[in-house]
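Down below is the structure, laid out as structure tokens.
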Amino acid sequence: QARLLESGGGLVQAGGSLRLSCAASGRTISSDGMGWFRQAPGKEREWVAAISWTEITYYSDPVKGRFTISRDNAKNTVYLQMNSLKPEDTAIYYCAVRTGSSFMLSGDYSFWGQGTQVTVSS
């Protein structure tokens with residue numbers, strides 16, 4: 001059974017940076033597409049970024065140019081570098097393994113982690 005563990009969240013001022021990590025265990029993710037999602041209070045879970053097993057990357061419009069998704073297969077880990085953070089980026093951030101055809105739909109992902117809280121103060 002694959003397990004994902006997110007880390008790296010915290011409290012940061014607007015304009016600051018954070019680097020989230022998603023460490024996988026129980027499954028080698030080198031052949032998997034991976035994704036990051038986020039959920040703010042009172043809102044639906046929102047797709048943020050995805051990376052294919054060939055390291056092609058995709059970003060949602062709100063984060064394009066500010067966030068970078070990457071992977072280190074030797075460490076079985078995926079990262080999300082977040083720069084120029086805004087208060088509207090405040091959310092719990094989740095990573096997951098893409099098991100379906102879409103890289104944007106949460107229903108096409110499995111093995112969700114517990115999430116890591118990111119809070120951006122103004």
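The values are calculated or read from the model by the stated rules, or taken from the named source; none is laboratory data. Keep in mind that this is a model prediction, so the values were computed, not measured. Glycine gets a Cβ as well: all are built from the backbone with ideal geometry, and neighbour counts include every protein chain shown. We work out accessible area using only protein heavy atoms, side chains counted, and drop any ligands, DNA or RNA first. Shrake-Rupley method; radii C 1.70, N 1.55, O 1.52, S 1.80 Å.
List of remarks:
- Proximal lysines relative to LYS86, as straight alpha-carbon distance under 23 Å, when same-chain residues fewer than 8 apart are discounted: LYS43, LYS64
- Per residue accessible area of the chain, 1.4 Å probe, in Å²: 51
- Per-residue extension of 0.36 nm, minus the Cα-Cα distance of ILE56 and ALA14, leaves a gain of 12.3 nm for this segment.
- Selected from SER84, SER106, SER70 as most flexible by GNM, with the chain as the system and alpha-carbon contacts under 10 Å: SER84
- Ranked from largest to smallest solvent-accessible area, with a 1.4 Å probe on the protein heavy atoms, GLU46, GLU6 come out as GLU46, GLU6.
- Of the accessible area of segment 57-109, computed with a 1.4 Å probe over protein heavy atoms only, carbon and sulfur atoms account for 50 percent.
- Under 16 Å of direct C-alpha separation, and excluding same-chain neighbours fewer than eight residues apart, LYS75 reaches these aspartates and glutamates: GLU6, ASP32, GLU55.
- Nitroxide proxy distance, nm - points 7 Å out along Cα→Cβ at ARG66 and THR119: 1.9
- Only Lys, Arg (+1) and Asp, Glu (-1) charged, at Cβ; the chain dipole about Cα centre in debye: 160
- Within a Gaussian network of the chain (alpha carbon springs, distance under 10 Å), most fluctuating of LEU11, LEU85, LEU20: LEU11
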